[in-house]
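Here is the structure we will look at, set down as structure tokens.
The values are calculated or read from the model by the stated rules, or taken from the named source; none is laboratory data. Everything numeric here is computed off the predicted structure, so don't read it as measured data. Virtual Cβ from ideal backbone geometry, glycine too; neighbours counted across all protein chains shown.
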Amino acid sequence: MLLVLILLATPFTLAAEQHTLRSTPSTVHWGYYDAAQPPVLRVRSGDTVDIRTAMIDTPEALERAGVPAAQIDPASREIHRAIKDHGPGPHILTGPIFIEGAEPGDTLEVHIESIRLGLPYALNIFLPGLGVLPQDFPYEHRKLTPLDEKRMVARFAPGVEIPLRPFFGIMGVAPPEGSGRISSAPPWIHAGNLDNKELVAGTTLYIPVHTRGALFSVGDAHAAQGNGEVCLSALETVLSGVFRFTVRKGPRLLWPRAETPTHLMTMGFDEDLDAAIRTALREMISLIVERYKLSRENAYILASDAADFSITQLVDGKRGVHAMIPKSIFTGR
């Protein structure tokens, strides 16, 4: 009888499921976020999804850059052949994923459990009129770089090796419904093209939800990148990542935030770099006040004493700034 009562009193919880999502013409959208975009997968809060992205450049351009035809991702050939609805941005995004229970005002917690390289090479590109120095480099140029997965380095040039820290340049949800279709290029309150090199495996991204189901999409796979991404691109490649999605009903976020095993992170985006810095700082002050119950005055001072402000990227229409503060300084409960 006691066992029966315990079972009756215990709410039934469905076990988290594991899903797989590969980039195909039917599972990607090209160059935009839109709340009206129908989902390609539905999951529950707590589920994980293993996602493989697509290469940003065309198979023909990759072959001209020196990629053997046998090393062109077959999915990329299909996608570039089949998808005709492009833009206004350049990125191929996998998704969207509908997370059950996510409603406007919630927070979508995206934990990046693992990331795997998908190709033995990466490509950099700069284009006329873009990048930080368009007057100095007014032409198109591509550079192919082999990736050594065993040693986890990019063999950039003889005597030059770049440690690999793979991450997804774009992770985001649908924007508010009234925004319509927006470009995949500038980051915003929906996250999107953050190009934040700190968001590697083991980190968690928190995104404000703006429409039912959140509608998460991912792309722009990077093998490595420097803060700034000054030429326009990073080491662009294909990645597979396992993401765990959790819907949080707590205080409403205004901007995306993140957490690494060692740091808390806030972000700001704006066409004006100073405005982006101010947003990241205000968000850091709010985070410290909310999480550690300090006064706003002391949080402002603590941000000056212990937080680092870095330029995330300078080339996506809106400049990005991220602020990071070590969790180790908070020694109380």
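A few notes on this one:
Yes or no, residue by residue, for (1) more than 17 Å from Val321 (Cα to Cα); (2) surrounded by fewer than 19 Cβ atoms within 10 Å (Cβ to Cβ):
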residue: Asn196; (1), (2): no, no
residue: Leu199; (1), (2): no, no
residue: Gly202; (1), (2): yes, yes
residue: Ile207; (1), (2): no, no
residue: Thr211; (1), (2): yes, no
residue: Phe216; (1), (2): yes, no
residue: Ala224; (1), (2): yes, no
residue: Asn227; (1), (2): no, yes
residue: Phe245; (1), (2): yes, no
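- Identification of strands (runs of 3 or more DSSP E) wholly contained in segment 121-161 with 3 or more residues that are touching a Leu at 6+ places or on another chain (Cβ under 7 Å) yields 121-126, 141-148.
- Residue in segment 160-171 that is farther than 21 Å from Gly241 by Cβ and modelled with pLDDT of 95 or more present: yes
- Test for Gly118: is it modelled with pLDDT of 95 or more and closer than 30 Å to Ala36 by Cβ: yes
- Matching residues in segment 291-333 - criterion: being of a type in the set (Asp, Glu) and in contact (Cβ under 8 Å) with a residue 60 or more places away in the chain: Asp316
- Unmet requirement for Ala185, which otherwise passes all of (1) assigned to a strand (DSSP E or B); (2) within 23 Å of Asp316 (Cα to Cα): (1)
- Selection from segment 195-242 of residues that are in a loop (DSSP other than H, G, I, E, B) and of a type in the set (A, V, I, L, M, F, W, C): Leu199, Val200, Ala201, Val209, Ala223, Ala224, Val230, Cys231, Leu232, Ala234, Leu235, Val238
- Residue match in segment 255-269 (condition: without any contact (Cβ under 8 Å) to a residue 24 or more places away in the chain, surrounded by fewer than 21 Cβ atoms within 10 Å (Cβ to Cβ) and either under 17 Å from Val321 (Cα atoms) or assigned by TED's automatic domain parsing to the domain that holds Asn196 (or both)): no
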